[in-house]
Amino acid sequence: MEIREGLPDDLERLIDFMELVDNEFVPPLSLQPGGIYERVSGTLAKVDSNFIIGESNGRVVGAMGYRKNWNGIEEVLGEAYISFIAVHPGYRGQNIARLLDRALAKKRGPVWVTHVNVTTWSTNPGAYRMYQQLGYPFQRP
């Protein structure tokens, strides 16, 4: 298993991966503003955003999208926002989400990011469980 930053050449592979897990998000990613293509192309390998990719034998088995210096409302220096975490259904239970989260944590610190924000839909209990297992505290609205 390799965990790495996304590259511009990963665009199609990430789109295929997001289409695979699309309906596990509530609402599906394809129905959210901008859809899957805009989400990937607008985040992949940018100065302040990217994906961390988990690969096995050249296949995307997990991905985390993040944006630096953004807290969900406005730009805030020192904060990051996780916009997406998913693991391929055939690779779940192997701590891939934790490996992706740790890869982002390695970037944290006073120079890069001191706080990470996550949000999810209240209709997505699986995301709540995953984020809580990763150590992110949640408060339901």
- Note on the structure: With Y37 itself left out, Lys, Arg at +1 and Asp, Glu at -1 over residues whose Cβ is under 14 Å from its Cβ give -4
- Report in % the part of the accessible area of segment 6-45 that belongs to carbon and sulfur, leaving out ligands and nucleic acids; probe 1.4 Å. 55
- Message: With N set to the number of residues, divide the alpha-carbon radius of gyration of segment 1-108 by 2.2 N^0.38 Å and report two decimals.
- Response: 1.01
- Which whole-number percent is the relative contact order of segment 1-102 (Cα, under 8 Å, 6+ apart)? 25
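The values are calculated or read from the model by the stated rules, or taken from the named source; none is laboratory data. Note that the structure is predicted; figures quoted are calculated from it, not measured. Every residue, glycine among them, receives a Cβ derived from its backbone with ideal geometry; neighbour counts consider all protein chains shown. To get the accessible areas, we keep the full protein, side chains included, count just its heavy atoms, and leave off ligands, DNA and RNA. Shrake-Rupley method; radii C 1.70, N 1.55, O 1.52, S 1.80 Å.
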